[in-house]
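The values are calculated or read from the model by the stated rules, or taken from the named source; none is laboratory data. Note that the structure is predicted; figures quoted are calculated from it, not measured. Reconstructed Cβ throughout: ideal geometry from the backbone, glycine too, with neighbour counts over all protein chains shown.
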Amino acid sequence: MNALPEKYRYIVVEGPIGAGKTSLARKLAEKSGSTPLLEDPGANPFLPGFYTDNARYALPTQLFFLFQRINQVRDLGQADLFRRTTVADFILDKDPLFARLTLNDDELSLYQQIYTQMKPQAAVPDLVIYLQASTETLIERVKRRAVSYERTISEDYLLKLAESYARFFYQYDAAPVLIVNSEHLNFVDAPADFDLLLERIAAMRGAREFFSLGE
């Protein structure tokens, strides 16, 4: 079993669609004996419609994910974090990122009111692993996993999403962030890459550090 440092009881893996956050979060949890806390996009009945008719389905898609994420975070109590490490593939604070990208002004105003009223006092991660990759790589990875409703995701949407993530984490300071260039790393199928990441996590000392192949 690959151990994670004891000081990291709550780890979040984040990044845009195709960055590999869910696969990495699942593997980190599996190899370390941690509890996975994963989003369930397949449960969102509006998501397939969103990728074909953004204007019509953006608001219900966004609100469904918001409620799902709030319920998951709300169930994560401090007592659970003392008993066992948790590895998640989302951070609630990033939810407005998608809203600003997809909603019109009136919808965004309504969303912000709901978000402000419903956002729980959530535990702050001990470490956030932010995965980056080029738009071309994100597109290739999305195509490779062949999820039917993702086939209509546009290159422009992925580009804007990646840029929004970059802006979000440029300003994010609630928890230490390890920014990982995953362009040439395969944490799922290449054990050496995964071991390098574990070593980098263990060596983390600052509030914001970087990791890429060849470091």
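Among what's in the stretch 178-207 and is in a strand (DSSP E or B) and in contact with a Leu (Cβ under 8 Å, 6 or more places away or on another chain), pick the residue that is modelled with the lowest pLDDT.
ASN181
Could you list all residues from the stretch 147-188 that are basic (Lys, Arg) and within 14 Å of SER134 (Cα to Cα)?
Selection gives LYS160 alone.
Criterion first (loosely packed, with under 15 Cβ neighbours inside 10 Å, in contact with a strand residue (DSSP E or B) (Cβ under 9 Å, 6 or more places away or on another chain) and of a type in the set (A, V, I, L, M, F, W, C)) does VAL128 satisfy it?
No; evaluated as a whole, the condition is false for this residue.
Quick one: is THR35 touching a strand residue (DSSP E or B) at 6+ places or on another chain (Cβ under 8 Å), over 15 Å from PHE98 (Cα atoms), hydroxyl-bearing (Ser, Thr, Tyr) and crowded, with 21+ Cβ neighbours inside 10 Å?
For THR35, the condition - touching a strand residue (DSSP E or B) at 6+ places or on another chain (Cβ under 8 Å), over 15 Å from PHE98 (Cα atoms), hydroxyl-bearing (Ser, Thr, Tyr) and crowded, with 21+ Cβ neighbours inside 10 Å - is not met.
If the requirement is being under 29 Å from LEU103 (Cβ atoms), among the β-branched types (Val, Ile, Thr), at pLDDT below 90 and within 19 Å of the chain's Cα centre (by Cα), which of these qualifies: VAL73, VAL12?
VAL73
Does at least one position in the stretch 41-60 carry a residue that is surrounded by fewer than 17 Cβ atoms within 10 Å (Cβ to Cβ), under 19 Å from the mean Cα position of the chain (by Cα) and at pLDDT 95 or above?
Scanning the stretch 41-60 turns up at least one residue that is surrounded by fewer than 17 Cβ atoms within 10 Å (Cβ to Cβ), under 19 Å from the mean Cα position of the chain (by Cα) and at pLDDT 95 or above.
Pairs under 7 Å by beta carbon, first residue in a helix (DSSP H, G or I) in the stretch 101-116, partner not hydrophobic (A, V, I, L, M, F, W, C), six or more apart or different chains?
LEU101/LYS160; LEU101/SER164; THR102/ASN54; THR102/GLN62; LEU108/ARG100; TYR111/GLN62; TYR115/ASP95; TYR115/PRO96
Out of (1) out of contact with any helix residue (DSSP H, G or I) (no Cβ under 7 Å at 6 or more places or on another chain); (2) farther than 16 Å from LEU158 by Cα, what's the single condition that is false for LEU59?
Every condition holds for LEU59 apart from (1).
Checking PRO125 against (1) outside any loop (DSSP other than H, G, I, E, B); (2) within 20 Å of ARG200 (Cα to Cα), which single condition isn't satisfied?
Going through the list (1) outside any loop (DSSP other than H, G, I, E, B); (2) within 20 Å of ARG200 (Cα to Cα), PRO125 breaks only (1).
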